[in-house]
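The structure appears right after this line, and notes come after that.
The values are calculated or read from the model by the stated rules, or taken from the named source; none is laboratory data. Since the model is a prediction, treat every value here as computed from it, not as a measurement. Positions of Cβ are backbone-derived with ideal geometry, glycine not excepted, and every protein chain shown enters the neighbour counts.
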Amino acid sequence: MTTQSERSPARITLTVIGLVLLTLLGLFLLYETRRILTWIVIAAFFATALHPAVSWAERRVRWCKRWLATLVVFLLVFVALAALVLLFMVPLFKEAVQFVDELPALIRDTRAGRGPLGDLINRFHLRQYAERHSGQISAYLRGLGAPTLAFLRGAATTVAGIIAIFVLAYLMVLQGPRLVGGFLRLFEPSRAERIRRVGSDCARTITGYISGNLLISVICGTLTFVVLLILHVPFAALIALFVAIVDLIPLVGATLGATVAAAAGFFHSLTAGIIVIVFFIIYQQVENHLLQPVILSRTVQLDPLTVLVSILIATELGGILGALLAIPLVAMLQIIAREVWAERQSRPTEPVVAEDQQAEPVSDPDQP
């Protein structure tokens, strides 16, 4: 029985204050560890996507243990990513070496007003502008030290994040069955089976999302390659590959790829740059309002309106990460809600009647 002291206003006030302080502490910890939490979420995302490949290899090859199947799959992923990096770095390295060799001649032509840069400087009177604002330009160049240091620090953090995500995803796939089994043993068999089924549906949703997103990126890269090839823009295949990779980012990916492709088009000719910009304006509208809703609605089992609305809201709330995780999160919420609703519908409804409200037997007046 609750005593009067336990019901006192002072005790209630202290309890409320304690709960508020614990909530604030939890929010503070979430804010301070937001970068690590982001890495964990991304790692879990990719671990869920790679889990079916590891399980398939483990089932198909009898002598293949879990650790060996996980190692092989992750090595294949690493090799694929390294091949993509080499596809970018080798042409860029060759162009950098050629640029260094031609730099003295380019500087002489520019000073003499010849070549594309010389014509550009003469047309827009950039030399006179540089002479008038030489002091401001020098001060600006001297002030580039801090932004450069911040850029290098951010690049180092990005590399560390990629390594951490890769290691976390590897450990999640390797230890996943044991952790899931231990978690399911906390529930009764029927409940554990229901949780396992819902988890499998959620995992298939993530896999379907990745496959649909890859299909959209392939379409974007292919169309970009065709347009650049027709316009005779140099390095059409390399630029198209870059566009396909950044197009994996919903909504803003096509814009990032369009910037690079348009810059290459303008460097080739003014007409090519304008055509590339017009192409990407049209394509981005088609991708955002047709390709993504239709393709992802089939792979993730969401209607096109839900796909589009979820991407827009998640991008506004969480930026690029929100855009990446919006569709699978909404699909998983839909699966969980459908399972909860089905469970409630299948649960038998028992009439709730109080004992004192039950009808008393009516006595027969003919009986004594």
- Name the pairs: first residue in the stretch 76-97 and at pLDDT 85 or above, second residue surrounded by 11 or more Cβ atoms within 10 Å (Cβ to Cβ), Cβ to Cβ under 8 Å, at least 6 apart or on different chains? V77/L50; F78/F166
- Query: Inside the stretch 55-99, can you point out the residues that are closer than 22 Å to L238 by Cβ and over 31 Å from the mean Cα position of the chain (by Cα)?
  - Reply: K94, E95, A96, V97, Q98, F99
- Go over the candidates A82, A53 one by one and state the one that is surrounded by 10 or more Cβ atoms within 10 Å (Cβ to Cβ), of a type in the set (G, A, S) and either in contact with a helix residue (DSSP H, G or I) (Cβ under 7 Å, 6 or more places away or on another chain) or assigned to a loop (DSSP other than H, G, I, E, B) (or both). A53
- Task: Could you tell me whether S297 is among the hydroxyl-bearing types (S, T, Y) and modelled with pLDDT of 75 or more?
- Result: no
- Condition broken by T259, with the remaining ones in (1) out of contact with any helix residue (DSSP H, G or I) (no Cβ under 7 Å at 6 or more places or on another chain); (2) under 24 Å from I313 (Cα atoms) satisfied: (2)
- Given (1) closer than 18 Å to V41 by Cα; (2) free of Cβ contacts under 8 Å to residues at least 24 places away in the same chain, index of the condition L184 fails: (1)
- Message: Need pairs with beta-carbon distance below 6 Å; first residue of a type outside the set (A, V, I, L, M) and within the stretch 163-178, second part of a helix (DSSP H, G or I); sequence gap 6+ or separate chains.
- Response: Y170/F74
- Query: Do we have any residue at all in the stretch 297-305 that's without any contact (Cβ under 8 Å) to a residue 40 or more places away in the chain, of a type in the set (K, R) and in the same structural domain as F235 (by TED's automatic domain parsing)?
  - Reply: no
- Note on the structure: Counted residues in the stretch 137-157 being at pLDDT 70 or above and either surrounded by fewer than 10 Cβ atoms within 10 Å (Cβ to Cβ) or small (G, A, S) (or both) come to 4
- Message: Just checking, does the stretch 220-230 include any residue being surrounded by 15 or more Cβ atoms within 10 Å (Cβ to Cβ), among the aromatic types (F, W, Y) and within 16 Å of the chain's Cα centre (by Cα)?
- Response: no
- Can you give me the number of residues within the stretch 204-218 that are surrounded by fewer than 17 Cβ atoms within 10 Å (Cβ to Cβ) and touching a residue at least 60 places away in the same chain (Cβ under 8 Å)? 2
- Query: Out of all the residues in the stretch 217-237, which are over 14 Å from F279 (Cα atoms) and in contact with a Leu (Cβ under 7 Å, 6 or more places away or on another chain)?
  - Reply: S217, A236
- Output the helices (runs of 4 or more DSSP H) that fall wholly within the stretch 187-303 and possess 3 or more residues being among the aliphatic types (A, V, I, L, M) and within 30 Å of M332 (Cβ to Cβ), or say none. 189-230, 236-246, 292-299
